[in-house]
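Step one of this worksheet: look at the structure below.
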Amino acid sequence: MLEEGTDMEKMQRLSENFLKGNKSINVRNIKYRKNAELHSHEFYEVEIVLSGTGEQLINGKKYKYRRGSVWIMTPADFHEYSCDGEIEVFGIYFSEKLLPRSVFDKIFSKNYSRFINLTEEKIEDVRNLMENIGSAMHYDDYSRETLMKKLIECVFITIMSEVGEMDETAEKAPFLLAKRYIEIHFRENPSLEEVARVIGKSPVYFSKYFYLNAGMYYTDYLNRQKINCAKFLLSESNMTATEICYEAGFSSFSNFIRVFKKEEGITPTEYRKKQKT
């Protein structure tokens, strides 16, 4: 069923409630007639343009989209778009538990693009796969989640085949997994103990291991992700510094000011003014 797009107020972070009753995945064929303001998600999003043109801003970088354009959003990304009239997109929106590990590794590669243009043949392949995912959503038996993971993997394989194989990173796998976990969950302030559990290490070992590989302490790296998020919002949104403080994951405004000034040498307000000049 086709739905009309709606305006978004300021900068929104769409929660997994967007996935509605299923709670883990949603599939939609949508017609948009209005622009979407800057926003992010707590889930993953893959959308392919079926008709129409416009402009997409992904993490501060602008792209012109057309039929066959695909954008891939993770919980670490921000984007907004404008439409030249009406556009139609087909999209899948799903929680992290449905993301195959092989795909997770690819989309968090430094070389992987968030925006890809597909050939006409690939457009139909991706659309058919998304339709199959929509059908699989209604399965009740134990194979449902496994089937949807496989279909999501096929969607990504089809998209990736358009741009070629991504270079593999030389970083050690546990460290890379820890970094990716932080990049996705930094707004939730994951503790060192929590991330250590994710990679199967003790907190004491992980603390030393992380410092040796990152060249900085865990807390400093976590704060760096928050500050990068804040800098982007200060440059690209109209949110107040207080709103940005909490959107970036800081628990208090005073701590936000202190960490920002330590990292950047100036206050958030001064940084915003500098970006506008």
Quiz item: Roughly how many nanometres apart are two label points built 7 Å out from the Cα toward the Cβ at THR53 and GLU120?
Solution: 1.8
Practice problem: Find the relative contact order for the chain and round it to a whole percent, using C-alpha pairs within less than 8 Å whose residues are 6+ positions apart. | Solution: 14
Self-check item: Members of LYS208/LYS261; LYS97/LYS262; LYS64/LYS261; LYS23/LYS106; LYS23/LYS226 lying beyond 31 Å, as alpha-carbon distances in this model show
Solution: LYS97/LYS262; LYS64/LYS261
Exercise. Among SER235, PHE260, CYS245, pick out the residue whose Cα is farthest towards the positive end of the charge dipole of region 200-266, where Lys and Arg carry +1 and Asp and Glu carry -1 on C-beta, about the Cα centre.
Key: PHE260
Quiz item: So what is the calculated 222 nm ellipticity per residue for the chain, using -39500 (n - 2.57) for each DSSP H run with n of 4 or more, over all residues, to the nearest 500 deg cm²/dmol?
Solution: -14000 deg cm²/dmol
Self-check item: Whole-Hz couplings from phi, Karplus 6.51/-1.76/1.60, listed for region 42-51; x for Gly and Pro
Solution: 8, 10, 9, 9, 10, 10, 10, 7, 9, 7
Quiz item: Out of ASN117, ASN17, ASN59, any idea which swings most in a Gaussian network model of the chain, alpha carbons joined below 10 Å?
Solution: ASN17
Practice problem: Would you mind finding the longest exposed-site-free stretch of the chain, with exposed GluC sites (Glu not before Pro) meaning DSSP loop and at most 15 other Cβ atoms within 10 Å? | Solution: 172-277
Quiz item: Hey, what do the phi angles of region 195-200 turn into as Karplus ³J(HN,Hα) couplings, whole Hz, using 6.51/-1.76/1.60 and θ = phi - 60°, x for Gly and Pro?
Solution: 5, 4, 5, 4, 9, x
Quiz item: Any idea what the dipole of the chain comes to, in debye rounded to 20, about its Cα centre with Lys/Arg Cβ at +1 and Asp/Glu Cβ at -1?
Solution: 1060
Practice problem: For the chain, return all DSSP H helices satisfying: extent of Cα atoms along own axis at least 15 Å; mean Kyte-Doolittle hydropathy at least 0.0. | Solution: 144-163, 173-185, 203-214
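Read-outs throughout are calculated quantities, based only on the coordinates presented, and are distinct from any laboratory measurement. Remember, predicted model here, so these are calculated numbers, not experimental data. Neighbour counts are summed over all protein chains in view; Cβ atoms, including those assigned to glycine, are modelled from backbone coordinates with ideal geometry.
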